[in-house]
1. Can you name every one of the helices (runs of 4 or more DSSP H) wholly within segment B:1-105 that holds 1 or more residues which are in contact with a helix residue (DSSP H, G or I) (Cβ under 8 Å, 6 or more places away or on another chain) and closer than 30 Å to B:N121 by Cα?
2. For segment B:173-207, what are the residues that are surrounded by fewer than 19 Cβ atoms within 10 Å (Cβ to Cβ) and within 14 Å of chain A (Cβ to nearest Cβ)?
3. Please note which helices (runs of 4 or more DSSP H) are completely contained in segment A:137-226 and include at least 1 residues that are at pLDDT below 90 and touching a strand residue (DSSP E or B) at 6+ places or on another chain (Cβ under 6 Å).
4. Evaluate the following for B:R18: is it more than 36 Å from the chain's Cα centre (by Cα), among the basic types (K, R) and not assigned by TED's automatic domain parsing to the domain that holds B:T197?
5. Of the numbered conditions (1) crowded, with 18+ Cβ neighbours inside 10 Å; (2) closer than 20 Å to A:N184 by Cα; (3) polar (S, T, N, Q), A:Q120 satisfies every one except a single condition; which is it?
6. Name the pairs whose Cβ atoms lie under 6 Å apart, with the first residue in segment A:19-43 and of a type in the set (D, E, K, R), the second in a loop (DSSP other than H, G, I, E, B) and buried (at least 20 other Cβ atoms within 10 Å of the Cβ), and 6 or more positions between them or separate chains?
7. Working carefully through the options B:L144, B:L118, find the one that is touching a residue at least 12 places away in the same chain (Cβ under 8 Å) and either over 30 Å from B:L43 (Cβ atoms) or among the acidic types (D, E) (or both).
8. Among the candidates B:E142, B:E120, B:E116, B:E163, which residue alone is loosely packed, with under 13 Cβ neighbours inside 10 Å, out of contact with any Asp or Glu (no Cβ under 6 Å at 6 or more places or on another chain) and modelled with pLDDT of 80 or more?
Amino acid sequence: MIRLKNVSKIYRPNTVGLQNVSLHIKPGDFVSVVGQSGTGKTTLVKLLIAEERPSKGNVVIGGWDISRIRQSDVPTLRRQIGVVFQDFKLLPKKTVFENVSFALEVCGTPSGRMRKIVPQVMKIVGLEEKMKRYPRQLSGGEQQRVVIARSLVHRPKILVADEPTGNLDSINTKEIIDLLKKINEFGTTVLLVTHNREVVNSLRKRVITLEDGVIVQDQEEGKYRL
Amino acid sequence: MFVPFFRIIKFALQNFWRNIWLSLITISILVLTLVTVNILITLNFLGQTAVESVESKIDVSVYFNPDASEEAVQNVRSYLLGLSQVKDVNYISAEEALEKFRESHADNEEIMASLEELEENPLGAALVIKAHNPNDYTFILETLDNPEFISFIQDKNYDDHKEIIERIDSITGKLQRFGIGLSAVFVIIAVLIVFNTIRVAVYTHREEVGIMKLVGATNWFVRAPFLLEGIIYSLIATGITIAIIYPAAYFAEPYITTFFDNVTVGLVDYYNVNFILIFVSQFVGMSLLNIISTGFALDRYLKV
């Protein structure tokens with residue numbers, strides 16, 4: 001599903017984001033990427049959504065080499081990858097329904113289809129009763145669930161979550177991680193970027209550890225070791 | 001295909017409404033620019049009308065010797081009518097010339113007394129020549145230096161009107177240059193204001209645009225509402241300009257007519273006849289300016 005071959009990303013003049021990284025993530029995998037700040041985790045996410053291009057090597061997603069992807073093709077890629085960030089990125093003046101449907105609106109989806117899809121994804125994240133609320137009326141965990149719902153509207157094969165629990169307490173963190181596991185059980189490949197030790201250790205899933213832009217560890221049932 | 005199109009319109013109108021004060025200021029600047037341009041057009045039209053008005057009054061008179069025969073004068077007239085530059089040649093007999101002279105100098109007792117003393121008509125026949133183009137009078141008069149005619153001709157006059165036309169041309173030219181300069185200044189200001197407005201709108205919507213890009217909106221879908229917003233500004237500004245110009249033209253026309261010695265100028269008719277050329281081209285020009293400013297602001301601040 002996701003394959004990186006000898007990928008390096010150098011930011012000018014000579015800051016190393018990633019260095020000679022090769023990895024393969026199979027469909028349906030749940031992978032945690034861990035590392036301290038500045039080790040290349042966010043760079044990896046940016047390469048996967050084509051916000052950055054690799055300086056060297058190839059990034060292949062679902063058989064599609066996106067290393068030199070044309071700018072006009074980036075929207076198509078992003079509809080196939082759901083992305084969740086730490087800082088929620090919800091629009092405060094739109095309701096929950098409108099925030100989730102926004103992802104469909106900007107892609108030209110007819111209103112009728114939006115009215116079918118949005119309740120479905122809201123049910124997956126367990127917020128079907130709160131579609132008319134505004135983000136300020138939700139807890140941190142609920143807001144993050146809305147973001148996850150929005151990332152699911154295009155039924156992506158891959159879900160990338162970059163520090164999704166960074167701003168949350170332990171209870172909300174558990175809710176989010178359980179939701180990600182549930183989504184993974186539906187068959188979606190999940191890439192979780194985090195430096196939350198407890199989360200990683202509780203998952204007992206594959207752990208890739210980055211240090212100075214290099215993979216130092218890749219364990220199938222890994223633990224947080226830094 | 002229609003869904004995205006109507007969505008874009010919806011987003012554009014939302015952007016317009018959410019930044020309503022900024023939108024109104026931008027429209028005001030565009031209106032000022034267009035009004036200035038239309039003042040320039042009006043001045044240009046009035047200048048041209050003034051020149052045409054004077055030009056239509058221009059004619060050249062050729063005075064013949066009193067002893068020139070009518071046949072000789074008619075020969076000259078026929079010759080002149082054969083020139084492509086000549087529009088009309090009016091024959092004034094010696095008797096008519098004397099009568100006109102008496103009328104124009106009726107208050108001058110000395111001249112009237114002198115005329116009474118003379119037994120014969122001291123004046124000869126005259127030809128009043130009208131050309132298609134006032135610039136051709138010099139050529140026409142030069143053709144009369146032909147030895148065949150020169151012996152009959154006593155005098156020719158033209159110079160007075162030439163000076164008036166040159167002065168009007170000069171004033172009109174200066175007004176045009178000033179108007180163009182002023183319009184250019186306003187156009188530059190309008191471009192900068194629109195650029196800044198769109199920049200602020202883009203900044204205000206950066207979060208929304210960021211999410212749009214994240215969830216897979218095409219660059220076109222991100223750009224189009226801003227571009228459409230620029231066109232909306234142009235449309236409203238053009239409409240307001242029309243609403244200002246027409247009443248102003250109606251109001252000013254009687255005064256302009258008086259200024260031109262009761263010659264009907266037809267300013268409102270001019271705008272009616274050239275409505276598409278004037279206002280549609282202004283709308284298109286302003287829209288293009290807005291689109292270019294918007295595109296530049298989006299490229300600069302959103303990398304879209």
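1. B:20-57, B:70-81, B:94-104
2. B:T204, B:R206, B:E207
3. A:197-203
4. Against the criterion (more than 36 Å from the chain's Cα centre (by Cα), among the basic types (K, R) and not assigned by TED's automatic domain parsing to the domain that holds B:T197), B:R18 does not qualify.
5. (1)
6. That search, which allows pairs on different chains as well, returns A:K41/A:G35.
7. Residue meeting the stated conditions: B:L144.
8. That would be B:E142, the only listed residue that is loosely packed, with under 13 Cβ neighbours inside 10 Å, out of contact with any Asp or Glu (no Cβ under 6 Å at 6 or more places or on another chain) and modelled with pLDDT of 80 or more.
The values are calculated or read from the model by the stated rules, or taken from the named source; none is laboratory data. Please read all numbers here as calculations on a predicted model, not as lab measurements. Every residue, glycine among them, receives a Cβ derived from its backbone with ideal geometry; neighbour counts consider all protein chains shown.
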